[in-house]
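These notes concern the structure reproduced below.
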Amino acid sequence: MKRIVILFSGRGTNLENIAKKLAGRVEITAAITNNPAADGIERAKRLGIPVVIIDHREYATREAFDAKLVETIEAYAPDLVVLAGFMRILTPVFTSRIKNAINIHPSLLPLFRGAKAIEQSFASDMKVAGVTVHWVSEELDGGTIIDQACFHREDESFEEFEAKIHALEYALYPKVIAALLQERYPQRA
Ligand code: GRF
């Protein structure tokens, strides 16, 4: 079975969704978080996924944190590294070593990069909104796009809008992960 490692920082709802949708098809060998207070830790443990905590505050620099992260990931030798709400800016220490990493971002990239994507796309006058799965590169939310999904806006409240974004994430991300592992998308060079 193909093996993935998931990186997360917060609630871990994408992690849980991936674990449930791909159960029996993909092995999640570890879930790594930088945040010892992440709700996703309990979620992952309930699903029987080994959790590794690497608290970024214990590292003097981003590079030192990334070096530990890379070393930890490499020990699992995953086929794919899946970022799911991992809220750390990565340095070339990570991006030059880990080439098989993907991220999900809650906007139609290249629009609305960064941590406020849902708020910014909600506030915009765009008539469609959506989510993007992309390769992780040196540029924050700037790597090659693998796939996207979108919906037409219908005067939703912010809460309804956010729920639609998350529903798209839950539908798209497991599908892309499974397809990448079966080499049904162009692989990263
Ligand atoms: C998702 O909206 C993801 O796109 C963004 O962070 C959120 C993570 O949510 N990068 P969760 O931790 O998976 O619940």
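Worth a mention:
- C-alpha long axis of helix 158-181 to longest principal axis of the chain, angle in °: 50
- Projected label distance in nm at ALA167 and VAL128, using a 7 Å step from Cα toward the beta-carbon: 1.8
- For the chain, the solvent-accessible area with a 1.4 angstrom probe is 49 square angstrom per residue.
- Portion, in percent, of the accessible area of the chain that falls on carbon or sulfur, probe 1.4 Å: 53
- Restricting the calculation to alpha carbons of the chain gives Rg and Dmax of 16.0, 47 angstrom.
- Per the Debye formula on identical point scatterers at the alpha carbon atoms of the range 6-100, with no solvent, log10 I(q)/I(0) at q = 0.13, 0.24, 0.25 Å⁻¹ is -0.40, -1.33, -1.42.
- Among ILE89, ILE49, ILE118: highest mean-square fluctuation, GNM of the chain, C-alpha pairs under 10 Å: ILE89
- In the chain, the longest principal axis of the Cα atoms and the axis of helix 62-76 are about 70 degrees apart.
- Computed helical MRE - 222 nm, the chain, DSSP H runs ≥ 4 contributing -39500 (n - 2.57), nearest 500: -10500 deg cm²/dmol
- Model label sites at ILE145 and ILE53, defined 7 Å from Cα along the beta-carbon direction, differ in position by 3.8 nm.
- Within the same chain, lysines fewer than 8 places from LYS68 are excluded, and of the rest, those with a Cα less than 26 Å from its Cα are LYS2, LYS45, LYS99.
- In Hz, Karplus ³J(HN,Hα) per residue of the range 143-149 (6.51, -1.76, 1.60; θ = phi - 60°; x = Gly, Pro): x, 3, 6, 9, 7, 9, 9
- On the basis of the beta-carbon distance and an R0 of 41 Å, MET87 and SER157 show a calculated FRET efficiency of 0.95.
- Based on Cα contacts under 8 Å between residues 6+ apart, the chain shows a relative contact order of 19 percent.
The values are calculated or read from the model by the stated rules, or taken from the named source; none is laboratory data. Worth saying up front: this structure is predicted, and the values here are computed from it rather than measured. Neighbour counts are summed over all protein chains in view; Cβ atoms, including those assigned to glycine, are modelled from backbone coordinates with ideal geometry. Keep in mind that these areas ignore ligands, DNA and RNA; they rest on the heavy atoms of the full protein, side chains included. Shrake-Rupley method; radii C 1.70, N 1.55, O 1.52, S 1.80 Å.
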